[in-house]
1. What are the ³J(HN,Hα) values, in whole Hz, obtained from phi via the Karplus relation 6.51 cos²θ - 1.76 cosθ + 1.60 with θ = phi - 60°, for each residue of segment 84-98 in sequence order, with x given for Gly and Pro?
2. What angle, in degrees between 0 and 90 and rounded to the nearest 10, separates the Cα long axis of helix 5-21 from the longest principal axis of the Cα atoms of the chain?
3. Before I look further, what does segment 5-209 give for accessible area per residue, probe 1.4 Å, in whole square angstrom?
4. Got a sec to turn the phi values of segment 121-129 into Karplus ³J(HN,Hα) couplings, 6.51 cos²θ - 1.76 cosθ + 1.60 with θ = phi - 60°, whole Hz, x for Gly and Pro?
5. What is the total of Lys pairs in the chain with C-alpha atoms under 27 Å apart, excluding same-chain pairs fewer than 8 positions apart?
6. Cα convex hull of the chain: how many Å³ per residue?
7. How big is the charge dipole of segment 5-209 about its Cα centre, in debye rounded to the nearest 20, if each Lys and Arg gets +1 on its Cβ and each Asp and Glu gets -1 on its Cβ?
8. Taking the alpha-carbon centroid of each part, what is the distance from segment 165-207 to segment 99-135 in angstrom?
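The values are calculated or read from the model by the stated rules, or taken from the named source; none is laboratory data. It should be emphasised that the depicted structure is a prediction, and the values quoted were computed from it without experimental measurement. All Cβ positions, even for glycine, are placed from backbone atoms using ideal geometry, and neighbour counts span all protein chains on display. SASA here: full protein model, heavy atoms, side chains in, ligands and nucleic acids out. Shrake-Rupley method; radii C 1.70, N 1.55, O 1.52, S 1.80 Å.
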Amino acid sequence: MKLDTTWIETWMGASAAAIAENKALLNHLDREIGDGDHGENMDRGLTAVVPALAALPDDATPAAALRSVAMTLISTVGGASGPLYGTAFLKAAEPLGDGPELDGTVVVAMLTAARDGIVSRGKAESGDKTMVDAWTPAVDAARAAAAEGASPGAILDSAAAAAEAGAVATEPMVARKGRASYLGERSAGHRDPGAQSTAIILRAAATVAGDD
Ligand code: ADP
Ligand code: MG
């Protein structure tokens with residue numbers, strides 16, 4: 001489908017469904033290295049995002065839709081991840097301007113701005129075992145796909161695949177940020193829940209976009 005406001009609404013609907021389906025997994029991952037609430041937090045947030053988007057005026061721009069997602073996540077998710085995802089979606093809106101549709105260049109800029117927002121808010125570096133370890137490979141893969149002339153849908157597909165691999169790659173890492181860092185070396189051997197939820201949300205973006 002074309003990447004317009006309807007795409008964002010459909011993406012968030014698919015994200016809400018996928019997070020609900022993976023709520024127990026995300027809670028489980030967070031129970032291993034945190035406090036066990038990441039699935040709960042994200043499910044509460046995405047469940048609130050869907051009606052908030054539906055309440056937007058018919059002529060809302062994609063950027064306005066992303067800002068709505070951000071505000072809803074900030075006010076409902078809580079924990080460390082709420083402000084981080086909120087900042088991500090708020091920053092993601094900026095490169096869209098008032099445009100009605102995203103092309104490949106804007107998709108890359110959107111993902112980059114989201115990642116940069118998370119890094120500036122949470123100060124995590126690559127390898128710290130956080131959601132950044134899913135976002136940064138996603139941005140790099142999106143940029144590489146765009147440089148090869150991939151369609152917006154194919155760019156998102158590359159980003160999602162890299163985020164999935166990035167989430168798996170957090171398993172051996174020792175956490176240096178967030179609650180998991182309190183465990184030190186004992187955080188190794190478990191996948192980071194925020195990296196996993198990032199992979200789920202980016203996969204939903206790609207699936208809904210399809211081949212366009
Ligand atoms: P809390 O840790 O407050 O319970 P959540 O369980 O909802 O919040 O979210 C935990 C996730 O947040 C972690 O798995 C990690 O991906 C992410 N996270 C925590 N701190 C940071 C940080 N400083 N930078 C980036 N991501 C972080
Ligand atoms: Mg938690």
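1. Per residue, the Karplus-derived 3J(HN,Hα) values read 5, 5, x, 4, 4, 6, 5, 5, 4, 5, 4, x, 6, x, 9 Hz.
2. 30
3. Values: 8310 Å² over 205 residues.
Solvent-accessible surface per residue comes out at 41 Å².
4. Running phi through 6.51 cos²θ - 1.76 cosθ + 1.60 with θ = phi - 60° gives 6, x, 6, 8, 9, 4, x, 7, 6 Hz.
5. Close lysine pairs under the 27 Å cut-off: 10.
6. On the way: hull volume 19.4 nm³, N = 212.
Dividing the Cα hull volume of the chain by its residue count gives 91 Å³.
7. Numbers: 16 positive and 25 negative charges, 118 e Å.
For this selection, approximately 560 debye.
8. 15
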